[in-house]
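*Asks:* Okay, handing you the structure first.
Since every read-out is calculated from the coordinates, none of them should be taken as a lab result. On a predicted model such as this, the values are computed, not experimentally measured, just so you know. Using ideal geometry, Cβ is built from the backbone for each residue, glycine included, and neighbour counts are taken over all protein chains shown.
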Amino acid sequence: MFVLSGVTGIGVVIFGLMTEFAVGLAVLLAIWPARNMYSPLYDTWVNLHAESSVRATVISMSSQAGALGEIVGGPIFGVIATVTTVSTSLTVAGGVLLAGLVLYVHEIRRNEN
């Protein structure tokens with residue numbers, strides 16, 4: 001999941017910086033599989049690690065957190081796009097996705113000890 005999140009974040013940053021349609025389309029097509037693979041891997045991880053008594057709650061809370069991120073982040077990135085450019089907004093959004101990798105690193109290190 002770490003790799004897929006990293007590929008998606010880097011891809012969004014690169015997509016935001018593209019000025020050529022063909023290159024932007026190539027980047028989009030390259031990150032699309034990573035985005036599509038993430039959800040089944042996450043669901044499998046939750047099913048393996050969450051106790052059955054709380055599994056539905058974990059999945060529900062995860063979905064709600066994702067929706068909250070879209071509700072809060074969407075207008076923020078919209079304002080950034082309005083004030084600057086869509087390209088800048090996409091680049092910032094990719095940076096936010098990459099910042100989430102810190103949580104993965106923390107969890108990986110915690111599990112190694």
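*Asks:* Filter segment 2-25 down to the residues that are surrounded by fewer than 14 Cβ atoms within 10 Å (Cβ to Cβ) and either under 14 Å from the mean Cα position of the chain (by Cα) or part of a helix (DSSP H, G or I) (or both) and list them by number. Spell out how you get there, then give the answer.
*Replies:* First, the residues of segment 2-25 that are surrounded by fewer than 14 Cβ atoms within 10 Å (Cβ to Cβ): 2-3, 19-23, 25.
Passing the criteria: Phe2, Val3, Phe21, Ala22, Val23, Leu25.
*Asks:* May I ask you to list the residues in segment 94-113 that are closer than 19 Å to Gly66 by Cβ and either hydrophobic (A, V, I, L, M, F, W, C) or surrounded by 13 or more Cβ atoms within 10 Å (Cβ to Cβ) (or both)?
*Replies:* Correct list: Gly94, Gly95, Val96, Leu97, Leu98, Ala99, Gly100, Leu101, Val102, Leu103, Tyr104.
*Asks:* Hey, can you tell me all the residues within segment 31-57 that are surrounded by 14 or more Cβ atoms within 10 Å (Cβ to Cβ) and among the small types (Gly, Ala, Ser)?
*Replies:* If the condition is that a residue be surrounded by 14 or more Cβ atoms within 10 Å (Cβ to Cβ) and among the small types (Gly, Ala, Ser), then Ala34, Ala50 are the ones that fit.
*Asks:* Would you please name the residue that is nearest to the chain's Cα centre (by Cα), looking only at residues in segment 77-93 that are within 18 Å of Gly24 (Cα to Cα) and buried (at least 17 other Cβ atoms within 10 Å of the Cβ)?
*Replies:* Once the filter is applied, the top-ranked residue is Ala93.
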